[in-house]
Amino acid sequence: MRRRHLPGVLRIENRSYPRPWSLGIFLSEISLGESRQYFVATLGSKVIGYCGMMVILDEGHITNIAVDGSYLTRGVAKRLLLNAFDVAVGLSIKDMTLEVRASNQIAQRLYFKFGFEPVGIRKNYYAESNEDALIMWCYDISSSENCQRREKISSELGEADLVATVQDSTVSTSEARPPLGKEQPLQGSLEDAVQTQGGDVDE
């Protein structure tokens, strides 16, 4: 994620979350270097999704993931998560975690596919509704089992009529919010908005 992506990111952010992040928060986050990994999915010049990850030692925390409502159910969220795991492996991260609304069964099913498992509850985590958050972890992300999970998801996406690109940067890009300077082709159907803070998700 770079500064030029932020207008598109904020457009999605403001439509996705009851308490959206401000421009200042995103600017602060993407200035923090390798401890924050933010990346966007683009179709042409349009930002259609984004994802963030906080890196703490050998753990990765998915902080936010959202997709433009026009591209729901078309693979974007899966591609963003696949990219997040690729980045995490490259950074020698061992385990990944996230929070998701206890009521968001669709998002939870998607996370299960990636190997996340529920391990606890954060009571009243979402202040605007006092809703609990389900804490989920995916342990040993480089294990053969977890690698096979991601390979299966990737193969299921297959070729499609739309081609997007995941763009990432360590310095310049859901309740905290982080890829490494290359642009990687993102091919496949474009799918669901998965949001760790709130909003709707389509499998």
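Values as computed for the structure displayed
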| read-out | value |
| --- | --- |
| Distance between modelled label sites at residue 121 and residue 70, nm, 7 Å Cα→Cβ extension | 4.0 |
| Span from the segment 103-117 Cα centroid across to the segment 24-84 one, whole angstrom | 17 |
| Extension reserve of the residue 35-residue 139 stretch, reckoned as 0.36 nm per residue once the Cα distance is removed | 35.5 nm |
| Cut-off 9 Å between beta-carbons: net charge of the residues surrounding residue 153, Lys and Arg +1, Asp and Glu -1 | +3 |
| Cross-link pairs 46/152; 113/152; 94/123 - those with Cα-Cα distance over 19 Å | 46/152; 94/123 |
| Label-reachable residues, segment 24-39, where backbone N falls under 20 Å from a point 7 Å from residue 86's Cα toward its Cβ | 34-39 |
| Compactness of segment 1-45, expressed as Rg and Dmax over alpha-carbon positions, Å | 10.7, 28 |
| Fully extended contour minus Cα-Cα distance, from residue 105 to residue 152, at 0.36 nm per residue | 14.8 nm |
| Net dipole in debye of segment 49-109 [+1 Lys, Arg Cβ; -1 Asp, Glu Cβ; about Cα centre; nearest 20] | 320 |
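All of the numbers you see were taken from the coordinates with simple rules; none came from a lab. This one's a predicted model, so the numbers in the text were calculated from it and none came from an experiment. Note that we place each Cβ from the backbone using ideal geometry, even for glycine, and neighbour counts take in every protein chain shown.
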